Structures are given as structure tokens and as C-alpha cells.
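First the structure, in the form of C-alpha cells, and then the observations on it.
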């Protein structure tokens, strides 16, 4: 499997987004990895079309041969409840091609995070010897400096069976950015990116950056030129679909208020905003930030019944975004 041709890794924020990516890949013969988080798609369902891991995998794989599936942020403490992540990983090993092992949210101390990474990798490998892995985490969860990142990879190499270590394909690298209120925040650090990419090359791993949302195409191309292999983009895609809906309901106050209240009461926006964010002063922004969390709610379907099928509009935006 030539993973180098998979440059973009995209979040399956909704059925419309997934269908648009499938159609884009099939029509243009492009290769993309879909990266569901545990909250989006899980063994017992998630907010993205209420898909289970099994149902999502079967849906995508029967529609396109150009798409790989990777669990994003798999492992302990990454789901809706605080757990060890093993039940989720067990199902992931049956249906996904790659699993991102990320215990760092629950275990931020280096030794704890390292040991949990090894424990989860061994657990998954024993279930499926063909499963590939991504290791490390994004800056907003746990910051790594360059030396510590190399120490992490080196420790994995020392403590894992060589056959198992060889199944690690991706290393998460950090370059100073994170996401907040529909923007890419922080400062892009070229040297840090280059140094971390060099670590991935030294250990024959592919470099992947998370939080590629709301970044210009020129910046992404610049990162590729520096040697970055792939980049994750997710919330920005959900925003694209929310914009389609907002454009259709902006002149219908009843529908707008209904969508705003659904988003507000979901409380999903709280993860993405600063403490001084005032919802009633930022109604459209709040909808754009967390609209995708409510697309599968029964109450939201009443809005879709009023405005009609929006797939073509969503596909046009995704097609333009990906080209």
C-alpha cells in the first residue's frame, strides 16, 4: 500500500460530506483517508449520521476503492465517556485500515503516555496483524518539543517487537498551530515543522500534521515542500455544510432560531471558543462552529424537510475546496 499518495485526511463530519468526498475521489481518481473520531463514529454509534464503525466502514468501502479509513484519536479517554478505549479499538481493528493511538489526553505525562501507547498498539496488533498505526498527538492535546518527540519514537522502537514497530506508519508532528472559534490560531513555526519532519524520515515514518483547517492552500503547499506527507482537516468541512444551510435559512427567522437553539443547547460549541465568547452576540458563528454536531438529530431533520435536499450544494463546496 502506497500511503504517500494519500495527502489529505478528512473528517467524516456528515453523510453529505462523506458522499461528496466519495464522489470527488471516484470522479477525479484521487486518494483520501477518512479520519473519524470516536465521537463522530463509534462501535455503538456517533453524531455523524448515527453510523457505527461497522456500518460506516461498509458504506464507504462499497462505494470507493480510493479511500482508506483511519481512526483518529483512538484509545483511552477519547470517547463520550472516560474509558480505557479497548472496546472501541477492538471494533476498529475489524474495519479500519489505520488506527491513531492517542492516549495523551488522559495520560499527558511522558512515561504514562508512552506505556499506554505501547499497550494499545500491542493490543491491536494481537487482534489484527495487518493494522497500521499513527502515533503522537496534536499540540492542543499535549505539546512535544523536538527532542522529546524523537525520544518517544526511539522508545517505541526499543520497546516494541520490530514487526509491530514496522506497522507504525505515521508520526504526528507539530508546528505551532491549533484551532479556536473557526480559525487556525498560533504561529506557524517553519523550523519546528522541518525538525519534526526530519525525525519522521530518520525512523522511516510518514509525517502528518493535525489541525490543517482554515489554512490557505499556499501554506499547505509550502508545508508539503518542506516534506510534510499528509495533513488532517475536519471542522472546516462541517463549517462548509453549515454555511450552505445558513444561506438557505437566513431569511426565515423561525428556521434560523430553531437551528441556533439546537446548536446552543448541544453545548458542543463550548469546546471551540474562548471564555469571553457570548453566544447571543455570535449566533451565526456559533452555528458555523458546531452545526455539524446536530445534523443527525431528529429535530434538525425538520429543518431539512423545509429547505430540501442540499447534497448538490454541499458537493460543489467540497469539490471547490479539494481542488
Legend entry - Test set (1) over 21 Å from the mean Cα position of the chain (by Cα); (2) surrounded by fewer than 20 Cβ atoms within 10 Å (Cβ to Cβ); (3) farther than 24 Å from residue 23 by Cα - residue 273 fails condition number: (1)
Inset, instruction - Tell me which of these residue 94 doesn't satisfy, since it passes every other one: (1) surrounded by fewer than 19 Cβ atoms within 10 Å (Cβ to Cβ); (2) assigned to a loop (DSSP other than H, G, I, E, B); (3) under 20 Å from the mean Cα position of the chain (by Cα). - result: (2)
Inset, instruction - Could you please tell me which pairs satisfy a Cβ distance under 8 Å, a separation of 6+ or placement on different chains, a first residue in region 192-203 that is farther than 10 Å from residue 171 by Cα, and a second residue that is part of a helix (DSSP H, G or I) and at pLDDT below 95? - result: 193/223
Inset, instruction - Give the residue, chosen from 306, 221, that is in a helix (DSSP H, G or I), assigned by TED's automatic domain parsing to the domain that holds residue 31 and surrounded by fewer than 20 Cβ atoms within 10 Å (Cβ to Cβ). - result: 221
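Of these, 89, 68, 80, which one is under 19 Å from residue 156 (Cβ atoms) and either at pLDDT 95 or above or surrounded by fewer than 16 Cβ atoms within 10 Å (Cβ to Cβ) (or both)? Step through it out loud before you land on a result.
Values: 68 fails: under 19 Å from residue 156 (Cβ atoms); 80 fails: under 19 Å from residue 156 (Cβ atoms).
Among 89, 68, 80, only 89 is under 19 Å from residue 156 (Cβ atoms) and either at pLDDT 95 or above or surrounded by fewer than 16 Cβ atoms within 10 Å (Cβ to Cβ) (or both).
The values are calculated or read from the model by the stated rules, or taken from the named source; none is laboratory data. Just so you know, these numbers come straight off a predicted model, no measurement behind them. Glycine gets a Cβ as well: all are built from the backbone with ideal geometry, and neighbour counts include every protein chain shown.
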